[in-house]
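Written out below as structure tokens is the structure these notes cover.
The values are calculated or read from the model by the stated rules, or taken from the named source; none is laboratory data. All values derive from a computational prediction rather than experimental measurement. Note that each Cβ is placed from the backbone with ideal geometry, even for glycine, and that neighbours are counted across all protein chains shown.
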Amino acid sequence: MDRNQVTQKILSAKVSRKMRWADIATHFGQSKEWTTAALLGQMTFNREQADKAQELFELTDEEAAWLQIVPYKGSLPSAVPTDPLIYRWYEIVSVYGTTIKELIHEEFGDGIMSAIDFSMDIQREADPKGDRVQVVLSGKFLPYKSY
């Protein structure tokens, strides 16, 4: 047994029960974005969250324990993603990454945007020309220190 097998069991249960990530997230009292990342193996559950997952997905004690182990972060199987939707995010960073970097540095100074003290919100935005995907990323600015 490993964390990837637990993820596959969770996904299988989600599909067979026709569940939606937003509905699952309400069970945990967390955002759909964090809950999805956690159930896909990218976040660590506390004991209470693992118990909820165990109940919801009919996991064994061992499988619930895997949810409480700090995972190896980074879920992409290759350096350049091949999935078209994920590739478009890679493309956005490839094209706009230096622009994002310059504008953050100009506004905040020398530092980085945290992916730890971070939140994300994904919503559908109605548009007569075709619905749009609205993604809001918010990360704490962490300045580099002199020492």
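Data for the structure
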item: Residue check for Asp127: under 20 Å from Glu33 (Cα atoms) and either assigned to a loop (DSSP other than H, G, I, E, B) or touching a residue at least 60 places away in the same chain (Cβ under 8 Å) (or both); result: no
item: Residue match in region 78-95 (condition: surrounded by fewer than 13 Cβ atoms within 10 Å (Cβ to Cβ), closer than 26 Å to Ser16 by Cα and under 17 Å from the mean Cα position of the chain (by Cα)); result: yes
item: Residue selected from region 130-144 under the condition of a type outside the set (Ser, Thr, Tyr) and part of a loop (DSSP other than H, G, I, E, B), by the criterion surrounded by the most Cβ atoms within 10 Å (Cβ to Cβ); result: Asp131
item: Given (1) closer than 27 Å to Trp89 by Cβ; (2) without any contact (Cβ under 8 Å) to a residue 60 or more places away in the chain; (3) surrounded by fewer than 18 Cβ atoms within 10 Å (Cβ to Cβ); (4) of a type outside the set (S, T, N, Q), index of the condition Asp2 fails; result: (2)
item: Scope region 66-77; condition buried (at least 16 other Cβ atoms within 10 Å of the Cβ) and either more than 20 Å from Lys14 (Cβ to Cβ) or aromatic (Phe, Trp, Tyr) (or both); matching residues; result: Trp66
item: Matching option when the condition is exposed (fewer than 13 other Cβ atoms within 10 Å of the Cβ), assigned to a helix (DSSP H, G or I) and not assigned by TED's automatic domain parsing to the domain that holds Val136, among Gln49, Gln8; result: Gln8
item: Per-region count, region 99-123, residues in contact with a strand residue (DSSP E or B) (Cβ under 7 Å, 6 or more places away or on another chain) and either free of Cβ contacts under 8 Å to residues at least 40 places away in the same chain or over 24 Å from Trp34 (Cα atoms) (or both); result: 12
